[in-house]
Amino acid sequence: MNQQVTYFQNLYLPQIEQTLEDYLGQIKGQASLKKAMQYSLKAGGKRIRPLLMLASLCALNGKIDQNSLQVAASLEMVHTYSLIHDDLPAMDNDDLRRGKPTNHKIFGEALAILAGDGLLTNAFDLILSTKLNPHLQVKLAQNLSRAAGVQGMVSGQVADMAGQGKQLSLESLKKLHNEKTGALLAYACQAGALLAGVDDNLVAKLSKFGLEFGLAFQIYDDILDVTKTTVELGKTAGKDVVEAKNTYVALLGLAGAKQELQATLSQATDVLADITLMGYDVTLLTGFLEYFEI
């Protein structure tokens with residue numbers, strides 16, 4: 001990523017981590033459950049979603065404060081829950097995540113499920129514990145529930161499992177990943193816009209940018225799965241091929257997937273160009289697109 005994004009990440013990533021640590025430290029609960037939750041939260045990761053939320057807020061001239069950090073941290077809690085559950089034997093059955101043994105390998109399946117449940121549920125408590133206007137709290141919580149639930153990520157996960165061993169059309173694959181991956185990234189940008197207090201038109205444009213970013217993120221992940229090693233990825237490489245999953249590489253070939261990635265990034269750039277015409281500086285968000293280097 002470029003210097004501006006690196007500076008932004010170095011400034012706000014520690015604050016996101018501290019917000020997560022402070023929240024998990026102060027809630028009461030079974031010690032074993034909290035330990036399992038903290039294990040996956042502290043396993044590292046790029047924190048793309050909360051950083052993108054805060055970057056969207058900044059791009060729209062909003063202020064990053066403790067309230068926005070809590071909203072960003074709540075999104076990371078939802079994302080981490082999804083990874084714990086994705087890795088379970090009943091789902092992707094993975095042994096490695098972020099370069100470390102997956103949650104169920106350390107704590108067992110039952111506690112891993114409950115750790116995911118705890119992260120998901122308490123993410124909404126974290127939003128509702130902010131000092132934001134109650135109407136904004138409700139809007140953020142509602143939109144997150146839709147992005148993470150049946151109208152978004154969970155349906156995408158079901159479609160992903162149902163499509164295993166079958167060949168989906170490109171249109172069906174895009175729909176799957178707009179739900180599974182894109183919904184939370186669209187919410188990240190949407191939440192940043194809501195926190196900035198901009199009008200509905202601009203909220204919709206930021207959501208569109210996040211959806212395109214999410215699609216690019218998934219295509220890029222599919223490319224990395226066949227071009228990088230397990231050590232480089234921090235998770236099992238080549239697993240999509242072994243399990244006959246629907247990926248952009250499987251459907252379009254490696255060259256075709258790279259072309260699709262470039263087309264998606266072009267769509268994202270067009271959205272940012274529209275926002276620029278509205279008088280906003282989106283260079284920070286443009287910098288986030290440099291994540292997709294091939």
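The values are calculated or read from the model by the stated rules, or taken from the named source; none is laboratory data. Remember, predicted model here, so these are calculated numbers, not experimental data. Neighbour counts run over all protein chains shown; Cβ positions are idealised from the backbone, glycine included.
Numbers below:
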item: Any hit, the range 73-81, residues being at pLDDT 95 or above, among the small types (Gly, Ala, Ser) and surrounded by 18 or more Cβ atoms within 10 Å (Cβ to Cβ); result: yes
item: Where Leu132 falls short, out of the listed (1) in contact with a Lys or Arg (Cβ under 7 Å, 6 or more places away or on another chain); (2) farther than 22 Å from Asp117 by Cβ; (3) not acidic (Asp, Glu); result: (1)
item: Unmet requirement for Leu119, which otherwise passes all of (1) farther than 12 Å from Val78 by Cα; (2) in contact with a Phe, Trp or Tyr (Cβ under 9 Å, 6 or more places away or on another chain); (3) crowded, with 21+ Cβ neighbours inside 10 Å; result: (1)
item: Selection within the range 124-152 - hydrophobic (A, V, I, L, M, F, W, C) and out of contact with any helix residue (DSSP H, G or I) (no Cβ under 7 Å at 6 or more places or on another chain); result: Val138, Val150
item: Where a residue in the range 34-61 is over 20 Å from Phe217 (Cβ atoms) and in contact (Cβ under 8 Å) with a residue 40 or more places away in the chain and its partner, wherever it lies, is of a type in the set (Phe, Trp, Tyr) and in a loop (DSSP other than H, G, I, E, B), with Cβ under 9 Å and at least six apart; result: Leu60/Tyr280; Asn61/Tyr280
item: Residue match in the range 30-38 (condition: in a helix (DSSP H, G or I), in contact with a strand residue (DSSP E or B) (Cβ under 8 Å, 6 or more places away or on another chain) and either among the aliphatic types (A, V, I, L, M) or over 18 Å from Leu128 (Cα atoms) (or both)); result: no
item: Extreme residue, farthest from Arg49 (Cα to Cα), among residues of the range 165-202 that are of a type in the set (D, E, K, R) and surrounded by fewer than 18 Cβ atoms within 10 Å (Cβ to Cβ); result: Lys166
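Yes or no, residue by residue, for (1) at pLDDT below 95; (2) assigned to a helix (DSSP H, G or I):
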| residue | (1), (2) |
| --- | --- |
| Met91 | yes, no |
| Asp94 | yes, no |
| Ala112 | no, yes |
| Leu119 | no, yes |
| Asp125 | no, yes |
| Lys131 | no, no |
| Val138 | no, yes |
